[in-house]
1. How many nm is it between the label spots at S101 and H88, if each spot is 7 Å from the Cα in line with the beta carbon?
2. In terms of modelled amide H atoms, which long-range or inter-chain residues lie less than 5 Å from the amide H of A100?
3. Out of residues 5 or more away from D67 or on other chains, whose amide H comes under 5 Å of its own, with H placed 1.01 Å from N in the peptide plane?
4. Which net charge results for the neighbourhood of N134, defined as the other residues with beta-carbon distances under 11 angstrom from its beta-carbon, given Lys and Arg at +1 and Asp and Glu at -1?
5. Please tell me the relative contact order of segment 4-139 in percent, rounded to the nearest whole number, where contacts are Cα pairs under 8 Å and at least six residues apart.
6. Using R₀ = 30 Å, calculate the FRET efficiency as 1/(1 + (r/R₀)^6) where r is the Cβ-Cβ separation of E65 and H16; round to 0.05.
7. Let me see the P(r) profile for segment 1-129: every Cα-Cα distance counted, bins of 10 Å, each bin given as a percent of all pairs.
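All of the numbers you see were taken from the coordinates with simple rules; none came from a lab. Model, not experiment: these values are computed from the prediction. When we count neighbours, we look across all protein chains shown, and the Cβ atoms used for this are built from the backbone with ideal geometry, even at glycine.
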Amino acid sequence: MNKYEVVNINVNKLSHFMRNNHAPEWLQEELNTYIKYSFSNQDWLSKAVFQQPSNGYFVGELSIEGDRNGTGIYVWNSGDIYIGDYYHGKKHGDGFYYDASSNLIYYGGLENDDKHGHGYVWGPGYESQGYYQNGKEIRNDYVRNGSGYHSNNTSISDEEGKGCGCLIMIVVAVLIWWIFF
C-alpha cells in the first residue's frame with residue numbers, strides 16, 4: 001500500500017458513510033468533486049506531498065515556506081477527516097470536516113482553522129444550516145432532526161445585522177436602474 005492509499009481509503013470510507021446514510025445528493029456530489037480532484041488530477045498529485053505527523057496523515061500542497069497551502073486532505077488517528085483548502089498552514093477557504101466522534105460532517109467556509117461563513121452540518125438523522133463566525137454559529141437558518149424541520153433563527157446580534165436590509169434594497173434598486181435605464 002503506498003502512502004496515498006492510506007488517505008484514499010479513509011476518504012472513501014467517508015463517501016460510503018454518506019451514501020449509506022442517505023446524505024443529500026448535492027453534498028455527496030461536492031465531496032466526490034474534492035475526491036476526484038485530489039486523486040485523479042495528475043497535476044495536483046505531482047505537487048502533493050505526504051506528511052505523517054504523530055496524530056495522522058496529510059496529503060496536499062505546501063507553500064514555498066513549507067506550510068500547508070492549497071488543497072489538502074488530513075486524516076487524524078481519531079478518524080476525523082478534513083478535505084479542503086489550506087492557507088498558511090491553517091484550514092482556510094471551503095472544505096469538509098468529518099467529526100468521527102459525533103458522526104457529523106461540516107461543509108462550508110473556514111478561516112484560520114475555524115468554521116467561518118455559510119456552513120452546513122449533516123449526520124444521520126440531523127441536518128443544520130447557518131452562518132458561523134470564528135468557529136461559533138451566530139445564525140441558524142434551520143435544523144432537521146427526528147422531530148422534523150425547525151427554523152431556529154438564532155439570528156446575529158443587532159450590531160452585526162445592521163444595514164443588511166438596506167444593502168439588499170440598494171442592490172435591487174441599482175439592478176432595476178441598470179436594467180431599465
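1. 2.8
2. Residues meeting the amide H criterion: D80, I81.
3. Under 5 Å from the amide H of D67 lies no amide H from a residue far enough along the sequence or on another chain.
4. Residues near N134 contribute -2 overall.
5. Relative contact order comes out at 13 percent.
6. Using R0 = 30 Å, I get an efficiency of 0.25.
7. The distribution over segment 1-129 is 13, 47, 34, 6, 0, given as percents.
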